[in-house]
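Below is one structure; the comments refer to it alone.
The values are calculated or read from the model by the stated rules, or taken from the named source; none is laboratory data. In this text the structure is predicted, and so the values were computed from the model without any measurement. Note that each Cβ is placed from the backbone with ideal geometry, even for glycine, and that neighbours are counted across all protein chains shown.
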Amino acid sequence: MNATATMPFADLIATTQASEMTGWLADLREAGAARFAEEGIPTSRDEEWRFTPVGPLGKMTFRAPAVSAPLDRTALSPFAFGDGWPTVVLVDGRFVPELSRLDALPDGVVVTSLAEAIAAGEPAVEAHLGRTATADQTPFTALSAATFADGLFVQVSAGVVAPTPVQLISVATDAAAEAMLAPRLVVLVGANAELSLVESYVTLTEATYFTNTVAEVHLGANARLDHTRIMRESEAAWHIGFTQVDQEQDSHYREFALAMGGRLARHNVHTRHHGERVETLLYGLYLTRGEQVADTHSAIFHDQPNCNSWEVYKGVLADDSRAVFNGKVLVDRIAQKTDAKQTNRNLLLSDTARVDAKPQLEIFADDVRCTHGATIGKLNPQQRYYLKTRGIGGKKAEQLLTWAFAAEVMAEITQPAVRVGLEALVHQRLDELTS
Amino acid sequence: MSSSVEHLVSREYKYGFVTDIEQETAAVGLSEDTVRFISAKKEEPEWLLEWRLKAYRRWLEMTEPHWPNVNYPPIDYQGSTYYAAPKNQKPLGSLDEVDPKLLETYEKLGIPLSEQKMLAGVAVDAIFDSVSVGTTFKATLAKAGVIFCSFGEAVKEHPDLVRQYLGSVVPANDNFFAALNSAVFSDGSFVFIPKGVRCPMELSTYFRINAANSGQFERTLIIAEEGASVSYLEGCTAPKRDENQLHAAVVELVALDGASIKYSTVQNWYAGDENGVGGIYNFVTKRGKAMRDAKISWTQVETGSSITWKYPSVILQGDNAVGEFYSVAVANGRQQADTGTKMIHLGRNTRSTIISKGISAGEGQNSYRGQVKIMPGAEGARNYTQCDSMLIGNRCGAHTFPYIDVRNASSDVEHEASTSKIGEDQIFYCKQRGLNTENAISVIVNGFCKEVFRELPMEFAVEAQKLLGVSLEGSVG
């Protein structure tokens, strides 16, 4: 049997490889393609994908995106935050300089499209691309290595505090129908530097497409990154995202992830600690309806002593939707004094919604404090009653309580402009879910 | 302090003696002939032989599961003996006829049958390797209508009951080890509590693997009819041997409407030496089915075995059924334990509670693996899970793999887990109050396990606390 002919995504992989130059990038693509050919699309027999039905991806054919119709900047206004923030816009996976904002960058902050950074021979790209998130992590990181097209490159020099957040907007239009979009991010924050990053996957189409994205983040010693990840893909789209964060000593990583789009959306966030006193804070909110599946897999590798991690993920599920949560905390035997806490709470608004939660602790050191908690339930009837006695009944009470449930994590969004924008969005979606 | 760890970790296995009794064994290896041999030896009816053969054929098609978080060299299923019975057996009228050497063995285990006859009201069905050799208190139980006998006896005397319920909770092809057990099980216990009867005493069985190189495949079936209730105690020890022995048991509990079954286990099979040589592979399938208003409660204290792979589960089939799981699992030395429970909620207003305490010391690896499944029909189902781990030293590991699968909005599921260690400050505090280090640790560990121990029947609670004390004293580093 000719493996390449029947392998999913074979055409896309072949096209990318044919167009590629030589050198490290060609090697990276080849290794990714080989790895993906070996692994294939995972099945429910694979523990990491047990509850995530990605099987259909292997049976579908995705092509390269068609030529996009020109977009007006105003079309993006619902998705963009802030005024004059450095922004890279990808339309159907392709970098569009006219919509992006890369002028007047502050000193010590480099923001370009990833393809440009590669073409410019930027050594930091070679040092991190495909090396922070490697092809052997999941079949989809391998597929990304083989097929990624463009994306975002950010580098903040040591000691520089970026004055405004940096933004990536990946928008799908009608031209994305039946296509695979493969953006990739390389984000490097130098020692003692600070950055705020907003990564958005949004849509202007109702079409079916597949976004396979990988973000590679490296934080130097005592660096800080405040990362907001927004997933608002088309509800017919597939989205698989992987974020790998490598943290040096004393660094601080904070992520807020909002997932409300996609028919099936999976996000893996993995962090590795390379020095002591590292902090990792992960927050997330997923809102699902219809037959949506939202899947969050977090994995925090506590490889060093005296590091802290804190996770809060919440979900609101309506209709026949499903959520999957897997939170891994792995504590190495040298990682004494680790303090790790993980919380996953799910609110079911319908009898046919389903949650598969698997909080997982693997601990090899004794002097640690690790806890996790998971709850799945409905709105508390006593709270409803309380509101009713105050004259707030029915839908109104439901909306109020549901919002209160979500508000705990929404409050963790640190950028005011982003928080205000997302609060309005989440409010509106929750009102839709409860009505 | 670490020298005291070494000292205590390398403690001798107290029960590691071999009783020198002539054994009658099946030829080494496993084939349809072995299955037929066992069935013939036990004078079983045709249907049971067919059932065994069917299980055996299914087993041949199955592969050994490797998803548990444990490591061991491949098991040679053809290198074991599947049947071992003490020779010269004649029907036993009373305990006096039992080989005195056997009784001596039980003395060493601390269960003097003759004494227990008078004491405490505990009836003991002692399993020596595979054949039940002495059953006490039968008369008292018979008066209440309770059937408590060896599995082999039940097949002969109550074939209808056995046929009706055998494999009804754990089907012969349920999993690799259950299929193996179904094919070659040699004996076990059978309990039947008729409608509305509260079993007048706690029932107890001691299992003991004696013959070298033989697996033990016992099968337990407990049936509580409508409104009946029973408390069943199971204790296990095994002698010390260099090679690993396989223990693949199956326990099935059937609690009909309004019935209640409480199943307690203290498992202290030989755990292997300090280098991980020898010890029991304890691969057990335990499951109960609770009908309307019924209750099934599993309590286990797992301190032995080199590898434990065991998930006592409850299928909450009827409305208002209750499932409970209380567990203390200790992994010391090179022990590996992958244990937990499954609570499958099918009926309305079903409730389950899971309390699991894992203690890891030495180079032990302890995993909690549990599943809570709320099916769409389980309106108003409720689960509370708490799994706590304690680590002693930094060469051991604690892992938790809870699976929560909820498909009904009216249910409430809560899961909590924590990890902690015995703090120097806690020990210091106890020492200040005049306890020595060993007692301090014993007090702290017993406090950690209190929620489970208080679920154990009195006799077991005392034994379990002592066992834990011996297992872990001084092992703080």
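So, of the residues in the range B:40-79 that are among the aromatic types (Phe, Trp, Tyr), in contact (Cβ under 8 Å) with a residue 60 or more places away in the chain and in a loop (DSSP other than H, G, I, E, B), which turns out to be farthest from residue B:360 (Cα to Cα)?
B:77
Can you pull out the residues in the range A:270-284 that are part of a loop (DSSP other than H, G, I, E, B) and among the hydrophobic types (A, V, I, L, M, F, W, C)?
Answer for the range A:270-284, where residues must be part of a loop (DSSP other than H, G, I, E, B) and among the hydrophobic types (A, V, I, L, M, F, W, C): just A:278.
Take residues that are more than 9 Å from every other protein chain (Cβ to nearest Cβ) and hydroxyl-bearing (Ser, Thr, Tyr) and tell me which of the strands (runs of 3 or more DSSP E) falling wholly in the range A:315-404 contain 1 or more.
The qualifying strands (runs of 3 or more DSSP E) are A:339-348.
Checking the structure you have, find out if any residue of the range B:189-210 is on the phi > 0 side of the Ramachandran plot, at pLDDT 80 or above and not in a loop (DSSP other than H, G, I, E, B).
Within the range B:189-210, none of the residues are on the phi > 0 side of the Ramachandran plot, at pLDDT 80 or above and not in a loop (DSSP other than H, G, I, E, B).
Quick check on my filter: what residues within the range A:189-232 are under 16 Å from the mean Cα position of the chain (by Cα), surrounded by fewer than 24 Cβ atoms within 10 Å (Cβ to Cβ) and of a type in the set (Gly, Ala, Ser)?
Passing the criteria: A:196, A:200.
Please indicate, with yes or no, whether at least one residue in the range A:164-179 is of a type in the set (Asp, Glu) and crowded, with 22+ Cβ neighbours inside 10 Å. Steps first, please.
First, pick out the residues of the range A:164-179 that are of a type in the set (Asp, Glu): A:174, A:178.
Applying the additional criterion that residues be crowded, with 22+ Cβ neighbours inside 10 Å yields none.
Checked the range A:164-179: no residue is of a type in the set (Asp, Glu) and crowded, with 22+ Cβ neighbours inside 10 Å.
Pairs needed: first member in the range B:439-464, part of a loop (DSSP other than H, G, I, E, B); second member anywhere, modelled with pLDDT of 80 or more and buried (at least 21 other Cβ atoms within 10 Å of the Cβ); C-beta distance under 7 Å; at least 6 residues apart or different chains.
What qualifies is B:449/B:328; B:449/B:357; B:455/B:299; B:455/B:326; B:456/B:264; B:456/B:299; B:457/B:233; B:457/B:264.
Criterion first (buried (at least 24 other Cβ atoms within 10 Å of the Cβ), farther than 23 Å from residue A:356 by Cα and in contact with a Phe, Trp or Tyr (Cβ under 8 Å, 6 or more places away or on another chain)) does residue B:372 satisfy it?
Considered against the rule, which asks whether it is buried (at least 24 other Cβ atoms within 10 Å of the Cβ), farther than 23 Å from residue A:356 by Cα and in contact with a Phe, Trp or Tyr (Cβ under 8 Å, 6 or more places away or on another chain), residue B:372 comes out as no.
Residue by residue through the range A:107-119, note down the ones that are assigned to a helix (DSSP H, G or I) and in contact (Cβ under 8 Å) with a residue 12 or more places away in the chain.
First, the residues of the range A:107-119 that are assigned to a helix (DSSP H, G or I): A:114-119.
Scanning the range A:107-119 gives A:114, A:115, A:116, A:117, A:118.
Taking the conditions exactly as written (more than 27 Å from residue B:66 (Cβ to Cβ), more than 10 Å from chain A (Cβ to nearest Cβ), under 26 Å from the mean Cα position of the chain (by Cα) and of a type in the set (A, V, I, L, M, F, W, C)), does residue B:456 satisfy them or not?
yes
Taking residue A:414 as the residue in question, decide whether it is touching an Asp or Glu at 6+ places or on another chain (Cβ under 7 Å) and more than 14 Å from chain B (Cβ to nearest Cβ).
Numbers: touching an Asp or Glu at 6+ places or on another chain (Cβ under 7 Å): yes; more than 14 Å from chain B (Cβ to nearest Cβ): yes.
Yes; evaluated as a whole, the condition is true for this residue.
If we scan the range A:41-50, do we find a residue that is within 22 Å of the chain's Cα centre (by Cα), loosely packed, with under 14 Cβ neighbours inside 10 Å, over 25 Å from residue A:258 (Cα atoms) and among the β-branched types (Val, Ile, Thr)?
yes
Just to be sure before I move on: is residue A:119 in the same structural domain as residue A:169 (by TED's automatic domain parsing), over 22 Å from the mean Cα position of the chain (by Cα), of a type in the set (A, V, I, L, M) and farther than 30 Å from residue A:23 by Cβ in the structure I sent?
no
Test of understanding: among A:291, A:311, A:362, which residue is without any contact (Cβ under 8 Å) to a residue 40 or more places away in the chain and more than 26 Å from residue B:408 (Cα to Cα)?
A:362 is the lone residue from the list that is without any contact (Cβ under 8 Å) to a residue 40 or more places away in the chain and more than 26 Å from residue B:408 (Cα to Cα).
Answer yes or no: is there a residue in the range A:57-80 that is loosely packed, with under 12 Cβ neighbours inside 10 Å, over 22 Å from the mean Cα position of the chain (by Cα), within 19 Å of residue A:113 (Cβ to Cβ) and not basic (Lys, Arg).
Yes, the range A:57-80 contains at least one residue that is loosely packed, with under 12 Cβ neighbours inside 10 Å, over 22 Å from the mean Cα position of the chain (by Cα), within 19 Å of residue A:113 (Cβ to Cβ) and not basic (Lys, Arg).
For residue A:214, work out the one condition from (1) under 23 Å from residue A:273 (Cα atoms); (2) in contact with a Leu (Cβ under 7 Å, 6 or more places away or on another chain) it doesn't fulfil.
Of everything listed in (1) under 23 Å from residue A:273 (Cα atoms); (2) in contact with a Leu (Cβ under 7 Å, 6 or more places away or on another chain), residue A:214 misses just condition (2).
Residue by residue, here is whether (1) within 19 Å of residue A:250 (Cα to Cα); (2) modelled with pLDDT of 95 or more; (3) surrounded by fewer than 22 Cβ atoms within 10 Å (Cβ to Cβ) holds:
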site: A:282; (1), (2), (3): yes, yes, no
site: A:312; (1), (2), (3): no, yes, yes
site: A:317; (1), (2), (3): no, yes, no
site: A:327; (1), (2), (3): no, no, no
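Find the strands (runs of 3 or more DSSP E) located wholly in the range B:231-341 whose residues include 1 or more that are over 15 Å from the mean Cα position of the chain (by Cα) and touching a residue at least 12 places away in the same chain (Cβ under 8 Å), and list them. Walk me through it before giving the result.
Values: elements: B:244-247, B:250-255, B:260-268, B:279-290, B:295-302, B:307-310, B:313-316, B:322-331, B:336-339.
Those strands (runs of 3 or more DSSP E) span B:244-247, B:250-255, B:260-268, B:279-290, B:295-302, B:313-316, B:322-331, B:336-339.
Of all residues in the range A:183-224, which are assigned to a loop (DSSP other than H, G, I, E, B) and closer than 24 Å to residue A:261 by Cβ?
Those that are assigned to a loop (DSSP other than H, G, I, E, B) and closer than 24 Å to residue A:261 by Cβ: A:183, A:204, A:205, A:206, A:207, A:208, A:209.
Hey, among A:80, A:142, A:104, A:135, which residue is assigned to a loop (DSSP other than H, G, I, E, B), in contact with a Gly (Cβ under 6 Å, 6 or more places away or on another chain) and in the same structural domain as residue A:255 (by TED's automatic domain parsing)?
When all the criteria are applied, what remains is A:135.
If you scan the range B:372-392, which residues turn out to be assigned to a loop (DSSP other than H, G, I, E, B) and facing chain A (nearest Cβ under 9 Å)? Walk me through it before giving the result.
Keep residues of the range B:372-392 that are assigned to a loop (DSSP other than H, G, I, E, B), which gives B:375-381.
Residues satisfying the conditions are B:376, B:379.
Here's a check for you: in the range B:393-402, which residue that is in a strand (DSSP E or B) and in contact with a Gly (Cβ under 7 Å, 6 or more places away or on another chain) is farthest from the other protein chains (Cβ to nearest Cβ)?
Just the residues of the range B:393-402 that are in a strand (DSSP E or B), to begin with: B:397-402.
Restricting the remaining residues to those that are in contact with a Gly (Cβ under 7 Å, 6 or more places away or on another chain) gives B:398, B:402.
Values: B:398: 5, B:402: 6 Å.
So, considering only residues that are in a strand (DSSP E or B) and in contact with a Gly (Cβ under 7 Å, 6 or more places away or on another chain), the one farthest from the other protein chains (Cβ to nearest Cβ) is B:402.
Go over the candidates B:411, B:356, B:360 one by one and state the one that is buried (at least 24 other Cβ atoms within 10 Å of the Cβ) and more than 9 Å from chain A (Cβ to nearest Cβ). Give the derivation first.
Values: B:411 fails: more than 9 Å from chain A (Cβ to nearest Cβ); B:360 fails: more than 9 Å from chain A (Cβ to nearest Cβ).
One residue alone meets the criteria, B:356.
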